[in-house]
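K.L.:
My structure is below; once you've seen it, I'll send some questions.
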Number of protein chains: 2
Amino acid sequence: MTEELELEREEADDREDAYTLDRKAIAAILNAVEMDDRDRLIELMEPLHAADIADLLEQIDSDDRLGLIHLYGKEFDGDILSELDETLREEVIGILHPEVLADAVRELDTDDVVDLVEDLDQPQQDAILGALEAGDAAAVRQSLTYPEYSAGRLMQREVVMAPEHWSVGDAIDFMRNSDNLPEQFYHVILVDPKLRPVANVTLGKIMSSRRDVLLRSITEETFHTIPVTQYEGDVAYAFNQYHLISAPVVDDNDRLVGVITIDDAMAVLDEENEEDILRLAGVDGESRLSDRVIDTTKRRFPWLAVNLLTAVLASLVIAQFEEAITQVVALAVLMPIVASMGGNAGTQSLTVAVRALATRDLTTANIWRVIRREVAVGLINGIAFAVIMGIVGLLWFGSAQLGGVIAAAMVVNLVVAGLAGIVIPVVLDKAGIDPALASGAFVTTVTDVVGFFAFLGLAVVVLL
Amino acid sequence: MTEELELEREEADDREDAYTLDRKAIAAILNAVEMDDRDRLIELMEPLHAADIADLLEQIDSDDRLGLIHLYGKEFDGDILSELDETLREEVIGILHPEVLADAVRELDTDDVVDLVEDLDQPQQDAILGALEAGDAAAVRQSLTYPEYSAGRLMQREVVMAPEHWSVGDAIDFMRNSDNLPEQFYHVILVDPKLRPVANVTLGKIMSSRRDVLLRSITEETFHTIPVTQYEGDVAYAFNQYHLISAPVVDDNDRLVGVITIDDAMAVLDEENEEDILRLAGVDGESRLSDRVIDTTKRRFPWLAVNLLTAVLASLVIAQFEEAITQVVALAVLMPIVASMGGNAGTQSLTVAVRALATRDLTTANIWRVIRREVAVGLINGIAFAVIMGIVGLLWFGSAQLGGVIAAAMVVNLVVAGLAGIVIPVVLDKAGIDPALASGAFVTTVTDVVGFFAFLGLAVVVLL
């Protein structure tokens with residue numbers, strides 16, 4: 001344990017230094033804004049990456065944001081908009097001078113523009129599309145016809161492809177003479193005469209092969225095409241599972257329509273994980289620190305309301321045993337322990353289940369073994385804590401019977417927690433409901449109700 | 001809500017089809033193992049990616065695993081070992097025939113071998129290093145001298161570099177004549193005479209430039225070097241934050257020692273997120289579905305034990321009010337509601353805080369504003385639920401005073417929950433303890449104790 005803590009400490013220290021915006025730097029920037037010193041501001045912002053500037057804008061308050069953006073003026077870069085949290089984009093776009101906005105979006109790749117405009121309201125969307133060149137605007141509009149969260153929205157439309165019969169020399173000559181190659185690309189995609197992708201050749205392989213080598217003889221072993229309507233979470237999964245760097249996107253006729261690169265897939269994977277983490281804790285997956293108080297309050301309210309229902313349900317169970325509690329008040333003292341232990345054990349199981357579903361590790365092939373395992377774990381830990389609580393009950397209240405009751409209730413509730421923790425997420429998933437979102441409320445209801453009922457019910461039978 | 005559920009449903013359906021191992025395929029494979037039909041097994045396994053084979057091995061039970069691996073024999077690929085969960089590697093390496101194992105590891109890149117051997121015990125580690133060619137074994141041993149979870153362990157040692165004064169033509173000629181280029185690379189790294197990296201040139205740019213263009217004139221704008229001892233989580237953060245595809249790794253003297261590519265960074269980011277999710281739920285970050293029952297039980301026990309302490313502490317608070325509960329048994333019925341609502345609100349805040357710390361969105365620049373925000377959210381939701389519970393208390397038990405008591409306790413506990421939920425993770429983080437691991441227990445203790453104390457204490461003052 002000490003060693004582990006030691007490591008944690010080192011990690012944390014390291015993390016503190018690495019990539020956290022420096023407080024002094026932020027103070028200096030805000031000071032320049034305060035002083036209305038544009039040159040100083042530009043000088044201070046110059047070394048910052050667009051992603052860091054976006055983080056900075058998210059971390060300061062809205063007055064400072066307004067001041068900074070006005071003073072920064074036309075230095076404001078399109079990439080900053082791309083990096084900004086969605087919740088702040090509307091505000092910032094509203095602040096930007098229309099000309100600055102137009103310049104900013106014109107610098108962006110079309111896939112970044114799609115990502116930028118898809119959540120904006122109509123007037124802002126029109127303003128941005130109007131600023132683009134006609135061809136780019138058309139490309140963005142085309143991408144917006146694909147469903148939200150689909151591969152079509154994620155892909156870039158600029159692709160580098162070659163007929164199957166080309167040699168390395170053909171490909172290099174073609175690329176040298178092409179004046180609008182994508183900014184980032186990693187493969188040349190081989191296509192058949194109907195424009196269907198058949199293989200990838202890495203640039204590294206092309207680079208290291210002689211000019212007369214045929215492309216089809218140096219193709220990559222792993223080749224994976226993405227349907228244009230595929231859910232972006234599945235795209236991210238495929239990239240992570242098969243270690244893809246870029247993958248061609250195809251339409252219903254298997255024809256090449258775009259390409260997705262790993263950096264976009266990585267961002268999606270990160271967002272999906274973030275959403276799962278927040279949803280498991282009863283927080284809206286889209287919540288951000290920069291949300292306004294009122295929005296945050298509204299987003300958290302529904303989950304608390306569901307929890308209130310759960311808690312009232314548990315109270316109704318307790319109310320059935322008022323008589324018993326009046327006679328043996330120790331029951332009121334001990335009953336939250338059983339419910340709380342069940343709730344925690346259930347949360348452990350359900351979190352493992354939710355993650356295993358997300359990573360495709362929990363399938364019909366192993367569901368029964370996993371259920372048996374969770375029940376067994378619940379049983380063993382239930383017995384362990386039954387012994388501990390039995391002794392505590394005996395020592396605290398001097399009653400072996402009370403100790404026996406809490407011990408038995410503990411075993412029951414931990415077994416039920418293990419079972420509910422795995423079955424509920426699986427059933428929700430089958431029913432098409434995100435298990436990360438809804439499992440918690442159901443599992444807690446089960447462990448609360450069973451916990452109070454088993455403990456108080458057994459007490460009535462044994463003690464009264 | 002309906003629309004959202006609809007979307008969830010579609011997502012889930014899609015997810016079910018995409019990339020989940022087909023039950024029939026698994027059944028057919030297990031059947032071939034059963035029948036001892038090697039040709040059939042190889043035929044069925046042939047289309048599967050190594051990552052899918054690893055998933056398959058994780059999902060079947062250990063007897064089937066043994067049978068499959070024996071029958072599959074020398075077809076067993078090194079990549080399968082790389083893709084396998086760490087918890088199963090030892091078992092599988094123990095099953096593999098030494099010759100098969102030797103062949104398997106010889107196919108791997110040295111960074112994959114490092115990842116493979118770093119968690120093995122000494123005899124297995126020696127067996128694998130012994131199977132490698134002397135040069136590779138030395139490279140692996142060298143990597144193992146870097147701290148665990150450092151960039152040095154993650155990087156590949158094969159790099160493609162060029163002096164600053166080279167032209168595109170020089171680079172292409174060099175690569176054509178080099179016979180041991182890495183399998184995957186995306187940049188040529190420009191280095192100064194002391195081998196310090198100064199810039200990256202993408203292969204795409206080299207490809208699309210004429211032979212006489214100087215490399216230094218087509219370098220990439222974003223350039224980022226990684227210190228060899230940097231924590232791998234920070235490396236992953238940098239890749240995600242700055243959209244890096246590959247980055248040179250440097251030693252203390254800023255000299256180039258290796259390169260990290262985005263696919264490795266993506267895997268680390270995914271692992272880090274996974275660990276946070278599990279730890280937040282009180283599950284050991286290394287837990288896997290394929291763990292044995294006894295290991296899982298042991299891994300979950302400590303968290304439950306901590307929770308037991310928390311729950312007993314809360315019970316001690318209740319015990320102070322036994323007298324009041326005996327007189328007004330409704331207190332026993334209602335008290336879990338206040339504690340439960342506080343626990344949930346606290347979990348919401350702490351999860352947001354833990355994530356914001358992990359993504360560097362919560363810093364000294366905005367900590368005070370975030371604390372004020374969480375307290376305000378707790379206050380507003382506290383008032384909302386105070387009104388609701390006040391009415392419930394009044395209607396249920398016919399006592400306006402009881403309604404008032406639970407309402408007041410609700411406000412207090414939700415404000416405390418918001419405060420504790422943000423302050424505790426931040427303090428733990430400053431103290432070098434992983435907030436994902438420990439925040440939950442502390443916050444729940446606070447909300448339980450405050451919840452019971454505020455409700456029962458107010459009740460004594462107001463009702464008795």
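The values are calculated or read from the model by the stated rules, or taken from the named source; none is laboratory data. Here the structure is a predicted model, which is why all the values come from computation and not from measurement. Cβ placement follows ideal geometry from the backbone for every residue including glycine, while neighbour counts extend to all protein chains displayed.
K.L.:
With the requirement that a residue be in a loop (DSSP other than H, G, I, E, B), among the hydroxyl-bearing types (Ser, Thr, Tyr) and either in contact with a Leu (Cβ under 8 Å, 6 or more places away or on another chain) or farther than 17 Å from residue B:168 by Cα (or both), what does region A:164-196 give you?
P.N.:
Selection gives A:186 alone.
K.L.:
Within the set of pairs 6+ apart or on separate chains, which have a first residue in region A:441-464 that is in contact (Cβ under 8 Å) with a residue 40 or more places away in the chain and over 18 Å from residue B:341 (Cα atoms), a second that is polar (S, T, N, Q) and surrounded by fewer than 18 Cβ atoms within 10 Å (Cβ to Cβ), and C-beta atoms under 7 Å apart?
P.N.:
A:462/A:401; A:463/A:401; A:464/A:327
K.L.:
Got at least one residue in region A:22-42 being without any contact (Cβ under 8 Å) to a residue 12 or more places away in the chain, facing another protein chain (nearest Cβ under 8 Å), within 20 Å of residue A:84 (Cα to Cα) and not in a helix (DSSP H, G or I)?
P.N.:
no
K.L.:
Can you confirm whether region B:400-419 contains a residue that is outside any helix (DSSP H, G or I) and either of a type outside the set (S, T, N, Q) or at pLDDT 95 or above (or both)?
P.N.:
No.
K.L.:
What number of residues within region B:247-299 are modelled with pLDDT of 90 or more, of a type in the set (Gly, Ala, Ser) and outside any helix (DSSP H, G or I)?
P.N.:
Of the residues in region B:247-299, 4 are modelled with pLDDT of 90 or more, of a type in the set (Gly, Ala, Ser) and outside any helix (DSSP H, G or I).
K.L.:
Among the listed residues A:259, A:228, A:283, A:235, which satisfies the condition of being among the β-branched types (Val, Ile, Thr) and farther than 28 Å from residue A:354 by Cα?
P.N.:
A:259
K.L.:
Exactly one condition in (1) farther than 18 Å from residue A:446 by Cα; (2) of a type outside the set (Lys, Arg); (3) facing another protein chain (nearest Cβ under 9 Å) is not met by residue A:414; state its number.
P.N.:
It is condition (1) that residue A:414 fails.
K.L.:
Look at region A:325-372 and say how many of its residues are under 25 Å from residue A:281 (Cβ atoms), charged (D, E, K, R) and either touching a Ser or Thr at 6+ places or on another chain (Cβ under 8 Å) or surrounded by fewer than 22 Cβ atoms within 10 Å (Cβ to Cβ) (or both).
P.N.:
Within region A:325-372, residues that are under 25 Å from residue A:281 (Cβ atoms), charged (D, E, K, R) and either touching a Ser or Thr at 6+ places or on another chain (Cβ under 8 Å) or surrounded by fewer than 22 Cβ atoms within 10 Å (Cβ to Cβ) (or both) number 2.
K.L.:
Looking at A:357, A:379 in this structure, which one is of a type in the set (A, V, I, L, M) and within 20 Å of residue B:302 (Cα to Cα)?
P.N.:
After applying the criteria, what remains is A:379.
Table: residues versus (1) in the same structural domain as residue A:441 (by the TED database); (2) modelled with pLDDT of 95 or more; (3) under 22 Å from residue A:444 (Cβ atoms); (4) out of contact with any Cys (no Cβ under 6 Å at 6 or more places or on another chain).
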| site | (1), (2), (3), (4) |
| --- | --- |
| A:321 | yes, yes, yes, yes |
| A:324 | yes, yes, no, yes |
| A:335 | yes, yes, yes, yes |
| A:341 | yes, yes, yes, yes |
| A:347 | yes, yes, yes, yes |
| A:350 | yes, yes, yes, yes |
| A:356 | yes, no, yes, yes |
| A:362 | yes, no, yes, yes |
| A:388 | yes, yes, no, yes |
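K.L.:
Of all residues in region B:197-212, which are surrounded by 16 or more Cβ atoms within 10 Å (Cβ to Cβ), in contact (Cβ under 8 Å) with a residue 24 or more places away in the chain and part of a loop (DSSP other than H, G, I, E, B)?
P.N.:
Selection gives B:209 alone.
K.L.:
What do you reckon, is residue A:234 within 13 Å of chain B (Cβ to nearest Cβ) and buried (at least 18 other Cβ atoms within 10 Å of the Cβ)?
P.N.:
Yes.
K.L.:
In region A:103-115, how many residues are surrounded by 16 or more Cβ atoms within 10 Å (Cβ to Cβ), modelled with pLDDT under 90 and not β-branched (Val, Ile, Thr)?
P.N.:
Final tally of qualifying residues: 5.
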